[in-house]
Amino acid sequence: MANSSLLQDSNPAHGAPASLEACPLCSGSQLRWFDLDYRGTPIFSCGTCEMRFVNPQPSLEALHQLYADYDGTQGPDAGAHRTPRQERRRQRNQKRFPGELKHAYNFQLIERYAAPGRLLSIGCGSGTDLKVARARGWQVEGLEIDPGLARQTTEQTGCQVSHGNLLDFATEGALYDCVYMNHVLEHALAPGDWLRKVHSLLSPSGVMWIACPNIDSLSNRTKTLMGRLSLKAYRGKHYASWHHLFFFSPRHLARLLEKQYGFSVIHAQGELRPSQHGAMGVRERAYQALPNLKSCFQLIARKA
Ligand SMILES: [Zn+2]
């Protein structure tokens, strides 16, 4: 979504597509069929942590091929199946919610819990988030899987952008006061390994930012149901399984982070995309109380 190139696991064991025998996030062995999308991709649910995911997962090679020429907007679920009305709405939203404004809002939320310090953005793409954070006083670094994009972003923003796999990344300085993952975790082949790695990169008072689609939002639940009832032309298109491998909800992810990964969740809400400043209080409170009203969510956690 917001990021143009994403990091994937380099585990050689992931060289070929394979059916999962246990949940990659909690190791639970009770995997259940959940849904099937129009591309024939099976979606499974974990009976223990209730995460949902593509099963079998794609091979690492297939992902490398996907991300070699990836801009997040092109794919079988993108323009090809968008109605003219949906396309107009998409373009209108792009104008109403420019990336700078969205990231500025995100950092304003983060700064309620952490003062500007060292920040690492994983999957920073062209670096809009880095520029916004730097202007707010953060010492920013980015990480990108694609060396060409990392170099280009460094040249265009003046920010330090490393390239490589998150799991191989080693910080040269102090630990980070914020690790920012804005619409990237759902793309990871091994999100559990990512979460453990982020935990190791955070300072004791550092915070982790995650924004993701919400599989349990009202809108996505309705789409799932309509697909099952054969009322959708493209069943399960909302999974975007051509590039999303895991499907989170704020409730289940928060529980997993706290039970399994050593985090304490300090903030969660439906994704707010401010088109203008001011008058946010009521919407913020509504989306904190009822995050499933929005199709994506935002979550801040720190080390427990
Ligand atoms: Zn699980």
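The values are calculated or read from the model by the stated rules, or taken from the named source; none is laboratory data. Nothing here was measured: the structure is a model prediction, and the numbers come from that model. As a convention, Cβ positions derive from the backbone with ideal geometry for all residues, glycine included, and neighbour counts pool all protein chains shown.
Data table
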read-out: Some residue of the stretch 214-222 being within 30 Å of residue 200 (Cβ to Cβ) and within 16 Å of the ligand (Cβ to nearest atom); value: yes
read-out: Condition check for residue 179: aliphatic (A, V, I, L, M), part of a strand (DSSP E or B) and free of Cβ contacts under 8 Å to residues at least 40 places away in the same chain; value: no
read-out: Residue check for residue 125: buried (at least 19 other Cβ atoms within 10 Å of the Cβ) and under 19 Å from the mean Cα position of the chain (by Cα); value: yes
read-out: Considering residues of the stretch 42-51 that are over 16 Å from residue 260 (Cβ atoms) and buried (at least 17 other Cβ atoms within 10 Å of the Cβ) only, the residue farthest from the ligand (Cβ to nearest atom); value: 43
read-out: Tally, over the stretch 36-49, of residues that are more than 18 Å from residue 25 (Cβ to Cβ) and touching a strand residue (DSSP E or B) at 6+ places or on another chain (Cβ under 9 Å); value: 3
read-out: Residue selected from the stretch 52-62 under the condition surrounded by fewer than 16 Cβ atoms within 10 Å (Cβ to Cβ) and over 14 Å from residue 24 (Cα atoms), by the criterion nearest to the ligand (Cβ to nearest atom); value: 59
read-out: Qualifying residues in the stretch 17-41 (those that are among the small types (Gly, Ala, Ser) and within 12 Å of the ligand (Cβ to nearest atom)) - the one nearest to residue 191 (Cα to Cα); value: 27
read-out: Matching residues, the stretch 63-72, being surrounded by fewer than 21 Cβ atoms within 10 Å (Cβ to Cβ) and either within 12 Å of the ligand (Cβ to nearest atom) or over 13 Å from residue 241 (Cβ atoms) (or both); value: 64, 65, 67, 68, 69, 71, 72
read-out: Residues satisfying the stated conditions in the stretch 284-304, i.e. touching a Gly at 6+ places or on another chain (Cβ under 9 Å) and either part of a helix (DSSP H, G or I) or modelled with pLDDT under 90 (or both); value: 286, 287, 288, 291, 292, 293
read-out: Residues located in the stretch 267-279, provided they are farther than 14 Å from residue 211 by Cα and either within 18 Å of the chain's Cα centre (by Cα) or without any contact (Cβ under 8 Å) to a residue 12 or more places away in the chain (or both); value: 276, 277, 278, 279
read-out: Every residue from the stretch 85-137 that is assigned to a helix (DSSP H, G or I) and of a type in the set (A, V, I, L, M); value: 101, 104, 109, 110, 130, 132, 133, 135
read-out: Test: residue 225 is over 16 Å from residue 299 (Cα atoms), of a type in the set (A, V, I, L, M), free of Cβ contacts under 8 Å to residues at least 24 places away in the same chain and not in a helix (DSSP H, G or I); value: no
